[in-house]
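Working notes, structure below.
The values are calculated or read from the model by the stated rules, or taken from the named source; none is laboratory data. Because the structure is predicted, anything quoted here is derived from the model rather than measured. Cβ: placed from backbone, ideal geometry, glycine included. Neighbour counts: every protein chain shown. Remember, those area values only see protein heavy atoms, side chains included, never the ligands or the DNA or RNA. Shrake-Rupley method; radii C 1.70, N 1.55, O 1.52, S 1.80 Å.
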Amino acid sequence: ILIDDNTTKETIGMAFFYFGYKVEKGRFLYLEDLFIEEQHRKRGSGSMAMKALSRIARSLQCERFFWQALDWNTSALDFYKRIGAQIHDGVITSRYTGKDLRRVATTPAKAAA
């Protein structure tokens, strides 16, 4: 979603999202990134984007709408709290990068014993 300033018609932000499905929990909307130009923050654009995404999720029968924020991004976390989002502590992100990704991708899988 591109977020435009109603006065200037300039794009001032974006929300990048996708849909997924979990067998136990059904369809979901995942917000990958929400960005509003700094000079346009605190004017309602972020709230409007989250409301639009919520409407999209509901219209497509999504059971959940979720996203992650880094713990150091206090302005984002404060915003999410202000709009009533549930903040879950203890979520741990795991990943492979660089050499580790190449190693895992090129190492043959071991058979279960």
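Some notes on this structure:
- Accessible carbon and sulfur surface of region 7-64 relative to its total accessible area, %, 1.4 Å: 51
- Accessible heavy-atom area order of ASP33, ASP5, highest first, probe of 1.4 Å: ASP33, ASP5
- Nearby lysines by direct alpha-carbon distance to LYS42 (threshold 24 angstrom, same-chain neighbours under 8 apart not counted): LYS9, LYS51, LYS81
- Extension gain, LYS9 back to GLN39 (0.36 nm per residue minus Cα-Cα distance, nm): 9.3 nm
- Accessible area, probe 1.4 Å, largest first, for residues TYR21, TYR96: TYR21, TYR96
- Region 62-113 and region 3-32 have their alpha-carbon centroids 17 Å apart.
- Near-label residues of region 23-54 by backbone N, under 11 Å of a point 7 Å along Cα→Cβ of ASN73: 31-36
- Take VAL91: with every protein chain present and a 1.4 Å probe, its accessible area is about 90 Å².
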